[in-house]
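Structure first, commentary second.
The values are calculated or read from the model by the stated rules, or taken from the named source; none is laboratory data. None of these values were measured; they are calculated from a predicted model. For neighbour counting, all protein chains shown are included, and Cβ atoms are generated from backbone atoms with ideal geometry for every residue, glycine included. Just so you know, the surface numbers come from the protein's heavy atoms only, side chains and all, with ligands and any DNA or RNA stripped out. Shrake-Rupley method; radii C 1.70, N 1.55, O 1.52, S 1.80 Å.
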Amino acid sequence: SYSGLASVGQTAGDSVLSSGYTFALGFVRAMTDSYVGPTWYVSTTGNDSFGNGSVTNPFRTIPRAHTASAAGDTISIAAGTYSERITITKNNIKLIGTDSSVAGTILDGGDSSSGSGYQCISATGVSGLLIRNLRIRNYYTGVNWVSVTNSRIDSVTVEYNGLNGIYICLGSGNIVAQ
């Protein structure tokens, strides 16, 4: 078992630290590739296992970026098609796509008849959310907010959803704008 810390000047090619311990190249690289936001990047070419959420090493999925995020962070989603469900559990999270066109950031559930549990973006009891520049299609419900306050949905296209495109209840101060 190895222990110790790499110095700031340590490079990925170095394998011996000043403490005399020898580390595998991957360990030193992992230490130098850490990323802490506050903007988390997602791309269809990203990787949830080895990505760190940076612009040069993005995550593959929005839920993985949400897990890494803290309240107040931004999740920047590159153009492409994503098939996933996102549950927002932190205040002041921003989900920002490139744009809501057919060539932009698309969230596609694949089947709008899957039942009431199949929602694209859901949130309960949080505030200060911003969802912008997305196209949401083929979910049972596109956006489902319960007791969400002071939040905004802006430039989001919802289409071909089974029950609701956007469903907001028991909240206040929310804005939906195109």
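See the values below:
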item: Counted charge near V158, where neighbours are those whose Cβ lies closer than 12 Å (Asp, Glu -1; Lys, Arg +1); result: 0
item: Burial order of peptide ranges 58-67, 71-80 (average beta-carbon count within 10 Å, highest first); result: 58-67, 71-80
item: Share of carbon and sulfur in the accessible heavy-atom surface of region 31-178 [1.4 Å probe, %]; result: 49
item: Heavy-atom surface of region 51-178, accessible at 1.4 Å and reported per residue (Å²); result: 41
item: Three-way shape call for region 79-178 based on the alpha-carbon gyration tensor, with the a/c threshold at 1.5; result: oblate
item: Accessible surface ranking that places the most exposed of L95, L163 first, with a 1.4 angstrom probe; result: L163, L95
